[in-house]
Amino acid sequence: MHSSATRVVLTLVSIFSVTVFAMEGSVIMDYNTRLVRTKQCIIFACSEHALMAANQFVQPVHMNSSYDLVSILTRENYARTSVIVDTTCEGAPKLLKEASANRYFNKTYQWLLWGVEANITDLLPIDLDYVGPNAQLTYVNKTSDAYLLWDVHSKGRHLKSPLELHLIAKLSTELHKLVVINEIFDLQSIKYRSQFNGLTLRGASVIDQEDILTNQQIEAILSRPTKDAGVAAFIKYHYELLSLLRDLFNFTVNFRNSRGWAGRLGNTTFRLGLLGIIKRNEADIAASGAFNRINRFAEFDTIHQSWKFETAFLFRFTPDLDTRGKSGNFLAPFSRQVWLFTVATLIGINSIWLLLDYLSKRWHSQAMQCIEERIFNIRIRRNLSAHQAITNSHSNWTERILHTFGAVCQQGMEPIPRDMPSRSIVLTVFLFSVVMYNYYTSSVVGGLLSSSDLGPATVDEITNSPLKVSFEDIGYYKVLFKESSNPTVTRLISKKLSASRGPNEMGVYGHIEDAIPYLKRGGFAFHCEVVDAYPIIAELFDANEICDLREVSGLMEVEIMNWIVHKNSQYTELFKTAMCKAREVGLVERLLRQRQMKKPECQSLYTVYPVTISGVSSAFLTLLSGVLIALFALCLEIASVKWQMRRWNRFFRPTRVHKGIAIQDQA
């Protein structure tokens, strides 16, 4: 069984076996089998001899007839397909122009232009603008004794860059021997195509400032290592990556500025901003990253990904921002269910204790009554004992509650019960109080000393907190508030951004330098890209303020940004290869360490925050409730005494003295 390469050779031999033919068959066979080693060949010719055979390896197309180039060069082709064009045919210029317009001069196809009787500049005029550094074009011309195969490319015909030719091989017309001068794949690699000779590429960037029009202004802003208003951190990072490519390939860039990244003109599909410039192929490279969106993969090529876009609310924690209620809260160590269950347990213990007291008193009373009736048989003594038992039972009801409460509060108990059931209950209550009291106090102290999880932790908690909120004055926030239908963003706008602000307050949009005094003061949150804020915070905040710094993310997604170029750009493969090499040698990592500063570390061991009135409000409410209950009990006692006095006066009239004789009125 023949291999695929052997079958291609046999097919080509059968096609080009005719000696009188516009294109030399041996040149085409050596090109396909020895130089580019393709598995599929498409021949555009106008000779009947070239069109006499077709199979799965060779597909001849008559150029002077009707054909559709898009349906011929499809995704069904092999990854390495050769396309042979007989430029002597009348339809050759139309074919090459259509191939340039559809961007077929790329890494997928190996083009062979048979130009024995034509000049290369005539075959590839300046209006064929998609002949760039990614082109795999081979031009064939003839001398008196040999055929010459030339590698053809340019650094950008749309930039009026000239065609560059490098000799690949010679084929002797007498001996039919192929002599390879340079390996074709080396000539088509970055090794031979990385010298742009000072060519000026078209660049684009985003600087949200007014009157930024010239390339000198843009370069001056982007080259500064410090933060500039209206310039995102990833803009300057991608500018430095672009500078790496600029030094490697020896080109310059003429920038144009855009005030924003994205947008559309009304309800049309016309893109605005930086993305619109790149999509319309008005820029070859951009000093900016772009967010990942599904609908953008069909419009742009990605050449690099390394910048982690991360934004957050930055604010200084103060005790009044403890949304979880753990900073000194009187009830915080136990949940509501635990408190209710504890109260129910104490009520149950009191009830059992009172029941045991009642049973014990009743048994002792009956025993004493029997003894007194048998021995003394004195009815008055029995009535007195019964009255004392009733009195003692009334006093024990309140005493038992106080005893239980004192035991729970670790205040002891006096007098100590003498009967065994009461002592068992007392021992259980004390053991219960030791466990609960120790856990309660340790939780309170730990909550006061720890500060790792204090303050609002979500965007909704920021919205419901007393913090004033501002945002960096940059374009993507304005787009977010205008286009987002997220309920979290809607609530933030209605509660935090719609209200009017005083003269001493920061506006909705501002710069990081202006926000620092408000952050130091507290009660203020600023949303920005965190790597822009860290250097300023490290410089102006003291140790305690750094420890109080909090971050809340979630308003915008954390994602890796794409460095994009135009879809099917002639620079995609070249720049992507260069950026892979820059990452391997550590240049990308070095730039990331310089641009993505870490958050300043807290140097204090711990921070003790004072207990606020909200933290101890439950304790004062408990005290107030006790006072109100005491007043209510006093009123009940006064009412009870008055009721008993009235009842007493109903049965007994007061004693009157008449002529020295005491007379008692009878009811």
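For segment 144-188, a residue qualifies if it is open to solvent by less than 60 Å² (accessible area, probe 1.4 Å) and polar (S, T, N, Q), and the qualifying residues are 154, 161, 172, 173, 182, 188.
On the given criteria, is residue 272 surrounded by fewer than 17 Cβ atoms within 10 Å (Cβ to Cβ), touching a strand residue (DSSP E or B) at 6+ places or on another chain (Cβ under 7 Å) and without any contact (Cβ under 8 Å) to a residue 40 or more places away in the chain? Taking the combined requirement at face value, the residue satisfies it.
Hey, could you check segment 291-323 for residues that are β-branched (Val, Ile, Thr) and not in a loop (DSSP other than H, G, I, E, B) and say which is most open to solvent (accessible area, probe 1.4 Å)? Result: 294.
Scan segment 85-99 and give yes if some residue there is part of a strand (DSSP E or B), buried (at least 20 other Cβ atoms within 10 Å of the Cβ), polar (S, T, N, Q) and touching a helix residue (DSSP H, G or I) at 6+ places or on another chain (Cβ under 6 Å), otherwise no. No.
Taken over segment 137-187, the criterion of being part of a loop (DSSP other than H, G, I, E, B), of a type in the set (Lys, Arg) and in contact with a strand residue (DSSP E or B) (Cβ under 6 Å, 6 or more places away or on another chain) is satisfied by 155 alone.
A quick yes/no check of all residues on (1) within 20 Å of residue 90 (Cα to Cα); (2) at pLDDT below 90; (3) not hydrophobic (A, V, I, L, M, F, W, C):
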site: 131; (1), (2), (3): no, no, no
site: 170; (1), (2), (3): no, no, yes
site: 185; (1), (2), (3): no, no, no
site: 191; (1), (2), (3): no, yes, yes
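Here residue 648 passes the criteria (1) farther than 18 Å from residue 402 by Cβ; (2) modelled with pLDDT of 80 or more except the one numbered (2). Against the conditions (1) closer than 11 Å to residue 258 by Cβ; (2) not in a loop (DSSP other than H, G, I, E, B), residue 288 satisfies every one except (2). Being of a type in the set (Ser, Thr, Tyr), over 22 Å from residue 556 (Cα atoms) and in a helix (DSSP H, G or I) holds for only one residue in 476, 518, and it is 518.
Regarding residue 229, is this residue in contact with a helix residue (DSSP H, G or I) (Cβ under 7 Å, 6 or more places away or on another chain), in contact (Cβ under 8 Å) with a residue 40 or more places away in the chain and closer than 30 Å to residue 472 by Cα? Against the criterion (in contact with a helix residue (DSSP H, G or I) (Cβ under 7 Å, 6 or more places away or on another chain), in contact (Cβ under 8 Å) with a residue 40 or more places away in the chain and closer than 30 Å to residue 472 by Cα), residue 229 does not qualify. Restricting the first member to segment 179-192 and to residues that are without any contact (Cβ under 8 Å) to a residue 24 or more places away in the chain, and the second to residues that are of a type in the set (Phe, Trp, Tyr) and assigned to a helix (DSSP H, G or I), the beta-carbon pairs closer than 8 Å and six or more apart or on different chains are 186/192. If you go through segment 160-206 and pick out every residue that is under 21 Å from residue 245 (Cβ atoms) and among the β-branched types (Val, Ile, Thr), you end up with 3.
The values are calculated or read from the model by the stated rules, or taken from the named source; none is laboratory data. A quick note: this is a predicted structure, and the numbers were derived from the prediction, not measured. Here the Cβ is made from the backbone with ideal geometry for all residues, glycine too, and neighbour counts use every protein chain on show. Heads up: the accessible areas ignore ligands, DNA and RNA and are worked out on the full protein's heavy atoms, side chains in. Shrake-Rupley method; radii C 1.70, N 1.55, O 1.52, S 1.80 Å.
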